[in-house]
Amino acid sequence: MAKFFVKFFRVIRNKKVMKYVPSSTDILDIGCGDDFYLLSSLKDKIKNGIGVDIAVKNMKSGNITIKKIRIGQKLPFRDMSFDVTTMIAFIEHLDKPEKVLADCRRVLRKHGIIIITTPMARARPFWELLVKLGLTEEKTSEGHKQYFSPVTVERLLRKCGFEVMISKKFELGMNYIAVGRKK
């Protein structure tokens, strides 16, 4: 049952994200998770995809590469290496999201885009119930360091050198997606 809920919400989030990923691009998925669902779903659309997370094993399959790294340190990629960076339900796990966003900007090419999804603060009680019932991948609700509002995400994106292109809630206002373009 837990896997059903996890997959259900992941599919919804990723479908929202996929429509903003241009074809034939190089993409970096930060916090890709051990199933790297987004990159697997995009493999026929993108040129190359790299997923990074602490909970993965290094691997390569076709145009998808997965690397085990701790997020929060400088990303191990050259400047201007990617067209797109994504953080799907991940920014809320970071102690210093502005540091990671600034590094995303560094690795993005000119006019590259960043796509972020995050649960809204109003989703917190629902999230905590799902964790308590064992219907999520996480064992405690303490993995969420903070909850964001559209205003705080937009402010953070602008502070880190992005122009906000898309900012909207989904899943009955429980989740949020932002798309920013590197200035």
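The values are calculated or read from the model by the stated rules, or taken from the named source; none is laboratory data. This is a predicted model, so every value here is computed, not measured. Cβ sites come from the backbone with ideal geometry, for glycine too, and all protein chains shown count toward neighbours. For the accessible areas, the whole protein counts, side chains as well, though only heavy atoms, and no ligand, DNA or RNA atoms are used. Shrake-Rupley method; radii C 1.70, N 1.55, O 1.52, S 1.80 Å.
Residue check: Ala102 meets all listed conditions (1) under 20 Å from Arg13 (Cα atoms); (2) modelled with pLDDT of 95 or more; (3) among the small types (Gly, Ala, Ser) but one, namely (1). Exactly one residue among Val107, Val153, Val164 is modelled with pLDDT of 95 or more and out of contact with any helix residue (DSSP H, G or I) (no Cβ under 8 Å at 6 or more places or on another chain), and that residue is Val107. Filtering region 132-142 to residues that are assigned to a helix (DSSP H, G or I) and either at pLDDT below 70 or among the acidic types (Asp, Glu) (or both) leaves Ser141, Glu142. The C-beta contact set for region 30-46 (first residue within 16 Å of Val84 (Cα to Cα), second residue among the aromatic types (Phe, Trp, Tyr) and outside any helix (DSSP H, G or I), distance under 9 angstrom, 6+ apart or interchain) comprises Ile30/Phe90; Gly31/Phe90; Cys32/Phe90. Here are some conditions: (1) outside any strand (DSSP E or B); (2) under 21 Å from Val17 (Cβ atoms); (3) of a type in the set (Asp, Glu). Asp83 meets all but one. Which one does it not meet? Asp83 satisfies all of (1) outside any strand (DSSP E or B); (2) under 21 Å from Val17 (Cβ atoms); (3) of a type in the set (Asp, Glu) except (1).
Within this structure, Arg78 fails the test of being touching a strand residue (DSSP E or B) at 6+ places or on another chain (Cβ under 8 Å), under 22 Å from Pro22 (Cβ atoms) and open to solvent by 30 Å² or more (accessible area, probe 1.4 Å).
Here region 153-183 is the region considered, the condition is being under 30 Å from Leu129 (Cα atoms) and in a loop (DSSP other than H, G, I, E, B), and the residue that is least open to solvent (accessible area, probe 1.4 Å) is Gly173. Of all residues in region 107-124, those satisfying the criterion of being in contact with a Phe, Trp or Tyr (Cβ under 9 Å, 6 or more places away or on another chain), open to solvent by 10 Å² or more (accessible area, probe 1.4 Å) and either assigned to a strand (DSSP E or B) or within 15 Å of Ile12 (Cα to Cα) (or both) are Arg109, Ile113, Pro119, Met120.
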